[in-house]
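What follows is a set of notes on a single structure, which appears directly below.
Any read-out appearing in this document is the output of simple, stated calculations on the displayed coordinates, not a laboratory observation. This one's a predicted model, so the numbers in the text were calculated from it and none came from an experiment. With ideal geometry, Cβ positions are generated from the backbone for all residues, glycine too; neighbour counts draw on all protein chains shown.
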Amino acid sequence: MSSEPRWLYLVVSAAPPVLRIKEFITALYGDCWKVCLIATPTAASWIDLDALAAETGCLTRIHTSPPRQQESLPQADAVVAAPMTFNSINKWAAGISDTVALGVLNEMLGTDVPLIAVPCVKAVLRKHPAYPHSVSRLADAGVTMLDPDAVTTRAEDGLSTFDWPQISAALLEATRADVDTSRK
């Protein structure tokens with residue numbers, strides 16, 4: 001087993017589960033991941049990125065830096081995009097990179113890095129004609145799309161949240177398959 005840290009890009013958009021993203025980051029560190037949290041601007045306005053970075057040690061990104069001030073991100077070993085909104089899923093599938101978060105997701109489609117997406121999309125929006133095509137396009141590109149009904153629960157405050165252990169299990173499965181493929 002390698003002593004090198006495994007880096008996870010955790011890309012978040014503005015849906016209620018992002019309010020509990022610290023739970024997931026803490027679990028990821030427990031599973032020996034180092035985390036780089038990449039938030040859409042709206043998601044970043046919902047959470048305190050500085051406090052989250054101080055509490056968990058994760059790297060955070062929202063905007064690009066000017067070319068001479070650019071700090072590069074560590075190379076990702078896996079990507080989890082959770083939560084993903086209707087808007088973000090459709091933009092990602094269309095190749096739109098109008099935020100750093102979407103730009104990273106679009107770039108990662110061109111790699112062999114395992115990608116997992118966890119939609120947090122209302123059932124009525126899943127009936128929109130663009131949505132199934134976007135999900136299908138991303139799945140065809142190699143993204144593991146988790147079923148929102150299977151991973152979404154309601155917290156005590158009534159807001160949607162995720163079954164983070166189920167997402168961790170999907171990450172383990174995706175990276176196990178990646179390790180098995182690299183051994184061949």
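For S72 and H133, FRET efficiency with R0 = 30 Å and r from the beta-carbon atoms, rounded to 0.05?
The value I calculate is 0.35.
Treating the beta-carbon of each Lys and Arg as +1 and of each Asp and Glu as -1, no other charges, what is the dipole magnitude of the chain about its Cα centre, to the nearest 20 debye?
380 debye
Counting only GluC sites (Glu not before Pro) that sit in a DSSP loop (anything but H, G, I, E, B) with at most 11 other Cβ atoms within 10 Å, what is the longest stretch of the chain containing none of them?
The segment 72-155 is the longest one with no such site.
Within a Cβ distance under 12 Å of L8, other residues only, what is the Lys/Arg minus Asp/Glu net charge?
0
Could you compute Rg(Cα) / (2.2 N^0.38 Å) for segment 1-128, with N its residue count?
That works out to 1.03 for segment 1-128.
Would you kindly derive the ³J(HN,Hα) couplings of segment 20-25 from the backbone phi angles with the Karplus curve 6.51 cos²θ - 1.76 cosθ + 1.60 (θ = phi - 60°), listing them in order in whole Hz, with x for Gly and Pro?
10, 5, 4, 4, 5, 4
At what distance in angstrom do the alpha carbon centres of segment 1-42 and segment 96-132 lie from each other?
16 Å
Which residue, chosen from A15, T26, A51, occupies the Cα position most advanced towards the positive end of the dipole of the chain, where the dipole is computed from +1 (Lys, Arg) and -1 (Asp, Glu) charges on Cβ about the Cα centre?
Of the listed residues, the answer is A15.
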